[in-house]
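Input: a single structure, listed below in structure tokens.
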Amino acid sequence: MSYKDEIQAGTAFPAEQVVVGPDRAAYVSVLLIAILILVAVSIWPVQALARNEEGGLFETISAAALFASGLAALWRYPGITRLYIALVCLLLAERELEAEIYPVDSLPYWVLNGLDSVLDMTSVRIVLAVIVIGGALWHGAPTAWRAAKRRAPFFVIFVLAGLLAVTAQLLEEVSGIYQADLSTLMTVRLFVLEETLEMFFSIGILASVLIGWPKSDAEETLNDLDLEQQPDAR
């Protein structure tokens with residue numbers, strides 16, 4: 001086994017688990033802020049409704065966070081096998097925004113309406129499905145397994161964000177099933193909670209993409225070796 005192979009097999013993914021460590025205070029602070037926001041929108045759902053409607057503040061933040069996640073993923077995770085990360089984020093961002101909430105002659109309406117038309121094409125959907133499913137199986141599943149074993153911070157945040165999305169979907173289902181039995185205030189409360197959780201999901205995805213898999217010293221050394229072996233490297 002070569003020196004490069006030893007680095008890849010041994011120390012590039014060290015045996016010890018990755019823990020939150022000194023950043024724990026920051027994570028706890030963010031969690032407390034999120035809980036306070038949830039409590040606030042639960043107590044004052046009518047006041048929060050104005051910020052949770054279509055095109056409102058919370059939905060705009062959700063779309064912006066997902067769009068930023070897509071752009072960050074394109075930059076941080078190049079390659080066809082990791083393209084699915086950016087695609088999923090960008091598709092979720094497009095889903096958050098409705099063209100109908102903008103004036104017909106505006107640029108956002110033109111862009112979103114055009115994207116809807118393109119995404120409705122069967123050929124486009126097939127290509128996207130192949131990229132996303134293939135990338136998730138080839139890269140996503142093995143990476144998730146290694147990250148889960150090491151409790152990598154980005155994966156913990158990703159899982160928590162996923163749980164928030166599931167909870168938001170359950171609230172939507174409950175609101176729809178029991179709509180006739182719920183008071184107007186409770187219906188509004190469930191709606192604003194759902195939208196708030198979706199916003200937290202988007203922010204969590206952005207944080208997960210930005211944090212990413214922690215680089216080890218061995219990976220930095222490996223990159224330096226690769227640069228030295230390239231004849232045109234300076």
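Using Cα pairs closer than 8 Å and at least 6 residues apart in sequence, work out the relative contact order for region 24-213, in percent.
32 percent
Using only Cα positions of region 24-213, each an equal point scatterer, no hydration layer, compute I(q)/I(0) via Debye at q = 0.08, 0.10, 0.16 Å⁻¹ and quote the log10 values to two decimals.
-0.30, -0.48, -1.14
Mind listing which GluC sites (Glu not before Pro) in region 24-70 are in a DSSP loop and have 16 or fewer other Cβ atoms within 10 Å?
Passing both the DSSP loop test and the Cβ count: Glu53, Glu54.
HN-Hα J couplings of region 73-89 from phi, Karplus 6.51/-1.76/1.60, θ = phi - 60°, integer Hz, Gly and Pro as x?
5, 4, 7, 7, 10, x, x, 5, 6, 10, 5, 4, 4, 5, 4, 4, 5
How would you rank Ser62, Ser175, Ser42, Ser117, going from fewest to most other Cβ atoms within 10 Å of each one's own Cβ?
Ser117, Ser42, Ser175, Ser62
Return the FRET efficiency for the residue pair Val124, Arg95: r is the Cβ-Cβ distance, R0 is 22 Å, and the value is rounded to the nearest 0.05.
With a Förster radius of 22 Å, E is 0.90.
Relative to the Cα centre, what is the charge dipole magnitude of region 24-213, using +1 at the beta carbon of each Lys and Arg, -1 at the beta carbon of each Asp and Glu, and rounding to the nearest 20 debye?
Taking the Cα centre of region 24-213 as origin, the dipole is about 1400 debye.
Residue by residue, what Karplus-based ³J(HN,Hα) values in Hz, rounded to whole numbers, does region 140-157 have, using 6.51, -1.76 and 1.60 with θ = phi - 60° and x for Gly and Pro?
x, 5, x, 5, 4, 5, 5, 5, 5, 5, 9, 6, 4, x, 4, 6, 4, 5
Read phi for every residue in region 92-107 and hand back ³J(HN,Hα) as whole Hz from Karplus 6.51 cos²θ - 1.76 cosθ + 1.60, θ = phi - 60°, with x for Gly and Pro.
5, 5, 5, 5, 5, 9, 9, 5, 5, 7, 10, x, 4, 8, 8, 5
Starting from a Cα-only point model with no solvent, please compute log10 I(q)/I(0) by Debye for region 16-104 at q = 0.19, 0.25 1/Å.
The Debye formula, applied to the Cα set alone, gives -1.04, -1.09.
The numbers here are math on the coordinates, done by the rules we state, and not lab data. Keep in mind the model is a prediction, meaning the values are calculated, not measured. Reconstructed Cβ throughout: ideal geometry from the backbone, glycine too, with neighbour counts over all protein chains shown.
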